[in-house]
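Q: Got a structure here, written out as C-alpha coordinates. Questions coming.
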Amino acid sequence: MQTFAQNFTTCSKIYARFSVSLQQIQNIMKKILALLGFLLIMALVAGGAIYYLLFTCPFQHTEKAYIYIDTDDTADSIKNKIVETGNPRTMLGYELMCKLKSYGEKHRTGRYELATNATMWDLVRELRNGIQTPVKLVVPPARTIEKMTTVLSKNLMLDSLSLAQVLNDETRMKEVGGYSKETLPCLFIPETYEVYWDITPDKLVERLQKEKEKFWNANRRKKALEAKLTPDEVTTLASIVESETNYAPEKATVAGLYLNRLQRGIKLQSDPTVKFALQDFGLRRILFQHLEYDSPYNTYMYEGLPPGPICIPTPAGIDAVLNYERHKYLYMCAKEDFSGSHNFEETLSGHLINARRYQQALNARGIK
(Lines give C-alpha, C1' and ligand atoms only; values in the text may rest on other atoms or scores of the structure.)
Protein backbone atom coordinates (compact mmCIF):
# COMPACT_ATOMS: atom_id res chain seq x y z
CA MET A 1 0.00 0.00 0.00
CA GLN A 2 2.81 2.29 0.88
CA THR A 3 4.59 1.40 -2.35
CA PHE A 4 1.48 2.31 -4.38
CA ALA A 5 1.26 5.68 -2.64
CA GLN A 6 4.88 6.36 -3.37
CA ASN A 7 4.48 5.46 -7.04
CA PHE A 8 1.39 7.64 -7.34
CA THR A 9 3.20 10.59 -5.80
CA THR A 10 6.11 10.10 -8.18
CA CYS A 11 3.79 9.97 -11.22
CA SER A 12 1.98 13.03 -10.03
CA LYS A 13 5.23 14.97 -9.79
CA ILE A 14 6.29 13.83 -13.25
CA TYR A 15 2.95 14.83 -14.76
CA ALA A 16 3.09 18.21 -13.05
CA ARG A 17 6.55 18.81 -14.45
CA PHE A 18 5.43 17.66 -17.92
CA SER A 19 2.40 19.99 -17.80
CA VAL A 20 4.63 22.91 -16.89
CA SER A 21 7.00 22.12 -19.80
CA LEU A 22 4.11 21.82 -22.26
CA GLN A 23 2.72 25.15 -21.12
CA GLN A 24 6.10 26.75 -21.59
CA ILE A 25 6.40 25.28 -25.06
CA GLN A 26 2.95 26.60 -25.95
CA ASN A 27 3.90 30.06 -24.68
CA ILE A 28 7.11 29.99 -26.70
CA MET A 29 5.24 28.89 -29.84
CA LYS A 30 2.74 31.70 -29.41
CA LYS A 31 5.60 34.19 -29.19
CA ILE A 32 7.25 32.70 -32.26
CA LEU A 33 3.97 32.82 -34.21
CA ALA A 34 3.37 36.40 -33.08
CA LEU A 35 6.87 37.35 -34.20
CA LEU A 36 6.42 35.61 -37.55
CA GLY A 37 3.07 37.37 -38.04
CA PHE A 38 4.69 40.71 -37.25
CA LEU A 39 7.55 40.01 -39.63
CA LEU A 40 5.07 38.96 -42.33
CA ILE A 41 3.05 42.13 -41.87
CA MET A 42 6.23 44.21 -42.00
CA ALA A 43 7.31 42.38 -45.16
CA LEU A 44 3.94 43.01 -46.76
CA VAL A 45 4.06 46.68 -45.76
CA ALA A 46 7.61 47.01 -47.07
CA GLY A 47 6.71 45.14 -50.25
CA GLY A 48 3.66 47.33 -50.76
CA ALA A 49 5.74 50.46 -50.23
CA ILE A 50 8.35 49.25 -52.71
CA TYR A 51 5.66 48.29 -55.24
CA TYR A 52 4.02 51.71 -54.79
CA LEU A 53 7.32 53.53 -55.22
CA LEU A 54 8.31 51.54 -58.30
CA PHE A 55 5.03 51.20 -60.17
CA THR A 56 2.02 53.11 -58.83
CA CYS A 57 3.52 56.26 -57.36
CA PRO A 58 2.39 59.30 -59.44
CA PHE A 59 4.99 61.30 -61.35
CA GLN A 60 6.08 64.59 -59.81
CA HIS A 61 5.18 66.91 -62.69
CA THR A 62 2.43 69.44 -61.92
CA GLU A 63 0.86 69.91 -65.35
CA LYS A 64 -0.29 67.53 -68.06
CA ALA A 65 2.58 66.84 -70.42
CA TYR A 66 3.40 64.72 -73.48
CA ILE A 67 6.19 62.35 -74.40
CA TYR A 68 7.05 62.12 -78.11
CA ILE A 69 8.57 58.83 -79.27
CA ASP A 70 10.00 58.72 -82.78
CA THR A 71 11.72 56.10 -84.92
CA ASP A 72 15.21 57.08 -83.75
CA ASP A 73 14.48 56.53 -80.06
CA THR A 74 16.09 53.76 -77.99
CA ALA A 75 15.33 52.41 -74.51
CA ASP A 76 17.83 54.89 -73.07
CA SER A 77 16.51 57.93 -74.97
CA ILE A 78 12.94 57.03 -74.00
CA LYS A 79 14.10 56.75 -70.39
CA ASN A 80 15.66 60.22 -70.62
CA LYS A 81 12.46 61.69 -72.06
CA ILE A 82 10.44 60.18 -69.20
CA VAL A 83 12.85 61.66 -66.65
CA GLU A 84 12.79 65.11 -68.26
CA THR A 85 9.02 65.18 -68.69
CA GLY A 86 7.66 63.44 -65.61
CA ASN A 87 10.38 63.86 -62.97
CA PRO A 88 9.75 60.40 -61.44
CA ARG A 89 11.07 59.48 -57.99
CA THR A 90 12.82 56.43 -59.45
CA MET A 91 13.21 54.77 -62.85
CA LEU A 92 13.81 51.27 -61.44
CA GLY A 93 10.17 50.36 -62.05
CA TYR A 94 10.51 51.38 -65.71
CA GLU A 95 13.65 49.28 -66.11
CA LEU A 96 12.01 46.24 -64.49
CA MET A 97 8.90 46.51 -66.65
CA CYS A 98 11.00 46.93 -69.79
CA LYS A 99 12.54 43.53 -69.03
CA LEU A 100 9.29 41.88 -67.92
CA LYS A 101 7.21 43.28 -70.78
CA SER A 102 9.94 43.25 -73.44
CA TYR A 103 9.69 46.99 -74.05
CA GLY A 104 12.58 49.17 -75.11
CA GLU A 105 14.45 48.66 -78.35
CA LYS A 106 11.21 47.67 -80.08
CA HIS A 107 8.85 50.53 -79.42
CA ARG A 108 5.88 52.29 -80.96
CA THR A 109 6.20 55.85 -82.14
CA GLY A 110 3.66 58.46 -81.12
CA ARG A 111 2.59 61.22 -78.76
CA TYR A 112 1.76 59.91 -75.31
CA GLU A 113 -0.05 61.89 -72.65
CA LEU A 114 1.40 62.05 -69.15
CA ALA A 115 -1.48 63.10 -66.92
CA THR A 116 -0.77 64.68 -63.53
CA ASN A 117 -1.95 61.50 -61.76
CA ALA A 118 -0.19 59.10 -64.15
CA THR A 119 1.94 56.27 -62.76
CA MET A 120 4.88 54.37 -64.24
CA TRP A 121 2.60 51.37 -64.72
CA ASP A 122 0.12 53.52 -66.70
CA LEU A 123 2.84 55.04 -68.86
CA VAL A 124 4.63 51.81 -69.77
CA ARG A 125 1.29 50.18 -70.61
CA GLU A 126 0.47 53.06 -72.98
CA LEU A 127 3.94 53.07 -74.54
CA ARG A 128 3.98 49.30 -75.02
CA ASN A 129 0.46 49.13 -76.49
CA GLY A 130 0.81 52.29 -78.59
CA ILE A 131 -2.10 54.07 -76.86
CA GLN A 132 -1.51 57.54 -78.29
CA THR A 133 -3.19 60.87 -77.70
CA PRO A 134 -4.06 62.63 -81.01
CA VAL A 135 -2.76 66.09 -81.85
CA LYS A 136 -4.92 68.94 -83.08
CA LEU A 137 -3.45 69.63 -86.50
CA VAL A 138 -4.16 73.13 -87.79
CA VAL A 139 -4.20 73.27 -91.59
CA PRO A 140 -3.76 76.99 -92.23
CA PRO A 141 -4.43 79.15 -95.28
CA ALA A 142 -1.10 79.36 -97.09
CA ARG A 143 0.39 81.12 -100.06
CA THR A 144 2.24 78.09 -101.43
CA ILE A 145 2.40 74.31 -101.07
CA GLU A 146 5.98 74.68 -99.80
CA LYS A 147 4.77 76.92 -96.99
CA MET A 148 2.01 74.44 -96.16
CA THR A 149 4.38 71.45 -95.92
CA THR A 150 6.70 73.42 -93.64
CA VAL A 151 3.89 74.37 -91.27
CA LEU A 152 2.41 70.86 -91.13
CA SER A 153 5.76 69.16 -90.52
CA LYS A 154 6.37 71.34 -87.46
CA ASN A 155 3.38 69.74 -85.74
CA LEU A 156 3.94 66.12 -86.82
CA MET A 157 6.67 63.49 -86.70
CA LEU A 158 7.06 63.55 -90.50
CA ASP A 159 9.46 66.02 -92.08
CA SER A 160 8.61 68.51 -94.80
CA LEU A 161 10.77 66.67 -97.36
CA SER A 162 8.92 63.35 -96.99
CA LEU A 163 5.56 65.11 -97.27
CA ALA A 164 6.75 67.12 -100.28
CA GLN A 165 7.86 63.91 -102.01
CA VAL A 166 4.34 62.50 -101.78
CA LEU A 167 2.70 65.76 -102.86
CA ASN A 168 5.07 66.05 -105.83
CA ASP A 169 4.39 62.49 -106.94
CA GLU A 170 2.09 63.22 -109.90
CA THR A 171 0.95 59.60 -110.26
CA ARG A 172 0.07 59.34 -106.57
CA MET A 173 -1.80 62.66 -106.50
CA LYS A 174 -3.85 61.71 -109.55
CA GLU A 175 -4.83 58.52 -107.72
CA VAL A 176 -5.84 60.48 -104.60
CA GLY A 177 -8.04 63.10 -106.24
CA GLY A 178 -7.07 63.69 -109.85
CA TYR A 179 -4.73 66.55 -108.92
CA SER A 180 -2.20 68.17 -111.17
CA LYS A 181 0.65 70.33 -109.92
CA GLU A 182 -1.52 73.40 -110.53
CA THR A 183 -4.68 72.14 -108.80
CA LEU A 184 -2.90 70.53 -105.82
CA PRO A 185 -3.75 73.46 -103.48
CA CYS A 186 -7.39 72.39 -103.82
CA LEU A 187 -6.58 69.36 -101.64
CA PHE A 188 -6.28 71.51 -98.52
CA ILE A 189 -9.31 72.76 -96.60
CA PRO A 190 -7.96 74.96 -93.78
CA GLU A 191 -9.44 73.61 -90.56
CA THR A 192 -8.31 71.90 -87.35
CA TYR A 193 -8.20 68.10 -87.49
CA GLU A 194 -7.35 65.40 -84.95
CA VAL A 195 -4.62 63.08 -86.21
CA TYR A 196 -1.91 60.94 -84.67
CA TRP A 197 1.45 62.66 -84.37
CA ASP A 198 3.23 59.82 -86.19
CA ILE A 199 0.86 59.78 -89.17
CA THR A 200 2.66 58.95 -92.42
CA PRO A 201 2.68 61.36 -95.40
CA ASP A 202 0.49 58.97 -97.41
CA LYS A 203 -2.06 58.62 -94.61
CA LEU A 204 -2.10 62.38 -94.10
CA VAL A 205 -2.83 62.99 -97.78
CA GLU A 206 -5.63 60.41 -97.66
CA ARG A 207 -7.08 62.10 -94.57
CA LEU A 208 -6.96 65.53 -96.24
CA GLN A 209 -8.77 64.11 -99.25
CA LYS A 210 -11.51 62.68 -97.02
CA GLU A 211 -11.90 66.05 -95.30
CA LYS A 212 -12.14 67.76 -98.68
CA GLU A 213 -14.88 65.34 -99.81
CA LYS A 214 -16.72 65.95 -96.54
CA PHE A 215 -16.45 69.73 -97.02
CA TRP A 216 -17.79 69.54 -100.58
CA ASN A 217 -21.21 68.27 -99.55
CA ALA A 218 -24.26 68.13 -101.80
CA ASN A 219 -25.28 71.70 -100.96
CA ARG A 220 -21.91 73.21 -101.87
CA ARG A 221 -21.65 71.14 -105.04
CA LYS A 222 -25.11 72.33 -106.07
CA LYS A 223 -24.12 75.98 -105.61
CA ALA A 224 -20.92 75.44 -107.59
CA LEU A 225 -22.95 73.91 -110.43
CA GLU A 226 -25.32 76.90 -110.39
CA ALA A 227 -22.30 79.19 -110.75
CA LYS A 228 -21.13 76.98 -113.66
CA LEU A 229 -17.93 76.07 -111.85
CA THR A 230 -16.36 72.87 -110.60
CA PRO A 231 -15.33 72.67 -106.92
CA ASP A 232 -11.68 73.16 -107.88
CA GLU A 233 -12.61 76.19 -110.01
CA VAL A 234 -14.50 77.63 -107.04
CA THR A 235 -11.36 77.17 -104.93
CA THR A 236 -9.27 78.87 -107.62
CA LEU A 237 -11.62 81.85 -107.74
CA ALA A 238 -11.73 81.97 -103.93
CA SER A 239 -7.93 82.18 -103.89
CA ILE A 240 -8.12 85.27 -106.10
CA VAL A 241 -10.90 86.83 -104.01
CA GLU A 242 -8.97 86.36 -100.78
CA SER A 243 -5.79 87.70 -102.37
CA GLU A 244 -7.71 90.80 -103.45
CA THR A 245 -9.29 91.61 -100.08
CA ASN A 246 -9.02 90.76 -96.41
CA TYR A 247 -12.20 92.69 -95.73
CA ALA A 248 -14.75 89.94 -95.13
CA PRO A 249 -17.92 91.96 -95.98
CA GLU A 250 -16.54 92.56 -99.50
CA LYS A 251 -15.61 89.00 -100.44
CA ALA A 252 -19.02 88.03 -101.83
CA THR A 253 -19.08 91.30 -103.78
CA VAL A 254 -15.65 90.66 -105.29
CA ALA A 255 -16.67 87.09 -106.12
CA GLY A 256 -19.76 88.38 -107.93
CA LEU A 257 -17.64 90.85 -109.89
CA TYR A 258 -15.29 88.15 -111.16
CA LEU A 259 -18.18 85.85 -112.01
CA ASN A 260 -19.70 88.68 -114.06
CA ARG A 261 -16.44 88.94 -115.98
CA LEU A 262 -16.18 85.18 -116.51
CA GLN A 263 -19.72 84.98 -117.80
CA ARG A 264 -19.15 87.87 -120.22
CA GLY A 265 -15.78 86.63 -121.45
CA ILE A 266 -13.90 89.60 -119.98
CA LYS A 267 -10.37 89.03 -118.67
CA LEU A 268 -10.24 88.97 -114.87
CA GLN A 269 -7.31 91.42 -114.75
CA SER A 270 -6.46 90.56 -111.16
CA ASP A 271 -3.26 92.04 -109.78
CA PRO A 272 -2.61 89.17 -107.33
CA THR A 273 -2.47 86.71 -110.24
CA VAL A 274 0.36 88.76 -111.74
CA LYS A 275 2.25 88.68 -108.43
CA PHE A 276 1.81 84.91 -108.36
CA ALA A 277 3.02 84.58 -111.94
CA LEU A 278 6.13 86.60 -111.06
CA GLN A 279 6.45 84.83 -107.67
CA ASP A 280 7.00 88.30 -106.23
CA PHE A 281 4.45 88.63 -103.43
CA GLY A 282 6.00 91.80 -102.06
CA LEU A 283 5.03 93.94 -105.07
CA ARG A 284 3.03 96.93 -103.88
CA ARG A 285 2.39 98.44 -107.28
CA ILE A 286 1.73 96.60 -110.55
CA LEU A 287 3.34 98.35 -113.52
CA PHE A 288 2.82 97.84 -117.26
CA GLN A 289 6.06 95.88 -117.50
CA HIS A 290 4.63 93.36 -115.01
CA LEU A 291 1.47 92.95 -117.10
CA GLU A 292 3.59 91.83 -120.06
CA TYR A 293 4.97 88.79 -118.24
CA ASP A 294 3.83 85.72 -120.16
CA SER A 295 2.27 83.20 -117.80
CA PRO A 296 -1.04 81.31 -117.75
CA TYR A 297 -1.53 82.89 -114.31
CA ASN A 298 -1.38 86.41 -115.77
CA THR A 299 -5.10 87.23 -116.02
CA TYR A 300 -4.30 90.49 -117.79
CA MET A 301 -2.91 88.42 -120.65
CA TYR A 302 -5.17 85.34 -120.61
CA GLU A 303 -8.94 85.06 -120.36
CA GLY A 304 -10.67 82.91 -117.76
CA LEU A 305 -9.44 81.40 -114.54
CA PRO A 306 -5.75 80.57 -114.07
CA PRO A 307 -4.75 76.85 -114.09
CA GLY A 308 -5.14 76.57 -110.32
CA PRO A 309 -5.33 78.49 -107.04
CA ILE A 310 -2.82 81.24 -106.35
CA CYS A 311 -3.04 80.47 -102.63
CA ILE A 312 -4.86 78.06 -100.33
CA PRO A 313 -8.08 79.91 -99.44
CA THR A 314 -10.14 79.62 -96.26
CA PRO A 315 -13.51 77.85 -96.09
CA ALA A 316 -15.05 81.32 -95.64
CA GLY A 317 -13.47 82.44 -98.91
CA ILE A 318 -14.83 79.40 -100.73
CA ASP A 319 -18.29 80.01 -99.27
CA ALA A 320 -18.09 83.66 -100.33
CA VAL A 321 -17.77 82.49 -103.94
CA LEU A 322 -20.59 79.96 -103.57
CA ASN A 323 -22.80 82.66 -102.03
CA TYR A 324 -21.61 85.45 -104.32
CA GLU A 325 -23.43 88.76 -104.46
CA ARG A 326 -25.63 89.34 -107.51
CA HIS A 327 -24.84 92.77 -109.00
CA LYS A 328 -23.57 94.38 -112.21
CA TYR A 329 -20.10 95.44 -111.12
CA LEU A 330 -17.26 94.75 -113.55
CA TYR A 331 -14.49 96.90 -112.02
CA MET A 332 -12.92 97.39 -108.63
CA CYS A 333 -10.11 99.54 -107.30
CA ALA A 334 -8.60 99.83 -103.83
CA LYS A 335 -9.80 102.92 -102.00
CA GLU A 336 -7.37 105.78 -101.80
CA ASP A 337 -7.60 105.84 -97.99
CA PHE A 338 -5.77 102.49 -97.84
CA SER A 339 -8.48 101.08 -95.61
CA GLY A 340 -8.32 97.73 -97.38
CA SER A 341 -11.78 98.15 -98.91
CA HIS A 342 -12.60 98.89 -102.57
CA ASN A 343 -14.59 101.15 -104.86
CA PHE A 344 -16.80 99.15 -107.26
CA GLU A 345 -18.04 100.34 -110.64
CA GLU A 346 -20.17 99.07 -113.51
CA THR A 347 -18.50 101.27 -116.14
CA LEU A 348 -14.93 101.71 -117.30
CA SER A 349 -15.18 105.50 -117.09
CA GLY A 350 -16.18 105.36 -113.44
CA HIS A 351 -13.41 102.87 -112.74
CA LEU A 352 -10.76 105.10 -114.34
CA ILE A 353 -11.73 107.93 -112.01
CA ASN A 354 -11.29 105.64 -108.99
CA ALA A 355 -8.00 104.29 -110.37
CA ARG A 356 -6.65 107.83 -110.84
CA ARG A 357 -7.43 108.68 -107.22
CA TYR A 358 -5.65 105.56 -106.00
CA GLN A 359 -2.58 106.18 -108.18
CA GLN A 360 -2.34 109.74 -106.84
CA ALA A 361 -2.48 108.34 -103.29
CA LEU A 362 0.32 105.92 -104.11
CA ASN A 363 2.43 108.73 -105.56
CA ALA A 364 1.80 110.87 -102.49
CA ARG A 365 3.14 108.10 -100.29
CA GLY A 366 6.10 107.42 -102.53
CA ILE A 367 5.00 103.86 -103.29
CA LYS A 368 6.52 102.69 -106.55
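The values are calculated or read from the model by the stated rules, or taken from the named source; none is laboratory data. Since the model is a prediction, treat every value here as computed from it, not as a measurement. No Cβ is skipped: glycine too gets one built from the backbone with ideal geometry, and neighbour counts run over all protein chains shown. For the accessible areas, the whole protein counts, side chains as well, though only heavy atoms, and no ligand, DNA or RNA atoms are used. Shrake-Rupley method; radii C 1.70, N 1.55, O 1.52, S 1.80 Å.
Q: With unit charges on the beta carbon (Lys/Arg positive, Asp/Glu negative), name the residue among Ile145, Leu225, Ser160 whose Cα is farthest towards the positive pole of the charge dipole of the stretch 129-229.
A: Looking along the dipole axis, the top candidate is Leu225.
Q: Further, regarding this structure: Could you give the length gained by full extension between Arg365 and Arg221, i.e. 0.36 nm per residue of separation minus their alpha carbon distance, to one decimal place?
A: 47.4 nm
Q: Right, here's the next one. Leaving ligands, DNA and RNA out of it, work out the accessible area of Lys79 with a 1.4 Å probe and give it in Å² to the nearest 10.
A: Approximately 60 Å² of Lys79 is accessible to the 1.4 Å probe.
Q: Among Gly340, Tyr358, Leu322, pick out the residue whose Cα is farthest towards the positive end of the charge dipole of the stretch 309-368, where Lys and Arg carry +1 and Asp and Glu carry -1 on C-beta, about the Cα centre.
A: Tyr358
Q: Another question, then. Could you give the nm distance between label points at Arg356 and Glu175, where each point is 7 Å from its Cα heading toward the beta carbon?
A: About 6.1 nm separates the two model spin labels.
Q: Nearest 0.05, what FRET efficiency do Ser349 and Leu291 give at R0 = 30 Å with Cβ-Cβ as r? Spell out each step's value before the answer.
A: Values: r = 21 Å, r/R0 = 0.69.
So, using R0 = 30 Å, E works out to roughly 0.90.
Q: Follow-up. Could you order Val176, Val83 so the one with the most accessible surface comes first? Probe is 1.4 Å. Spell out each step's value before the answer.
A: On the way: Val176 25, Val83 65 Å².
Listed by decreasing accessible area, they come as Val83, Val176.
Q: For the pair Asn246 and Glu84, what calculated FRET efficiency results from E = 1/(1 + (r/R0)^6), where r is the Cβ-Cβ distance and R0 = 30 Å, to the nearest 0.05? Provide the component values of the computation, followed by the final result.
A: On the way: r = 42 Å, r/R0 = 1.40.
The computed FRET efficiency comes out at 0.10.
Q: Determine the sum of side-chain charges near Glu146: Lys and Arg each +1, Asp and Glu each -1, restricted to other residues whose C-beta is under 15 angstrom from that of Glu146. Present the calculation step by step, with values, prior to reporting the outcome.
A: Values: positive: Arg143, Lys147, Lys154, Lys181; negative: Asp159, Glu182.
After counting each charged neighbour, the total is +2.
Q: Something else now. Between the stretch 171-245 and the stretch 296-330, what's the alpha-carbon centroid distance in Å?
A: Using only Cα atoms, the two centres lie 15 Å from each other.
Q: How much net charge surrounds Val135 when only the other residues with a Cβ under 12 Å from the Cβ of Val135 are counted, with Lys and Arg +1 and Asp and Glu -1?
A: It works out to a net charge of 0.
Q: Take each of the peptides 184-190, 340-346, average the number of other beta-carbon atoms within 10 Å over its residues, and list them starting from the highest.
A: Top of the packing list down: 184-190, 340-346.
Q: Which net charge results for the neighbourhood of Tyr302, defined as the other residues with beta-carbon distances under 11 angstrom from its beta-carbon, given Lys and Arg at +1 and Asp and Glu at -1?
A: Spelling it out: positives minus negatives among the neighbours equals -1.
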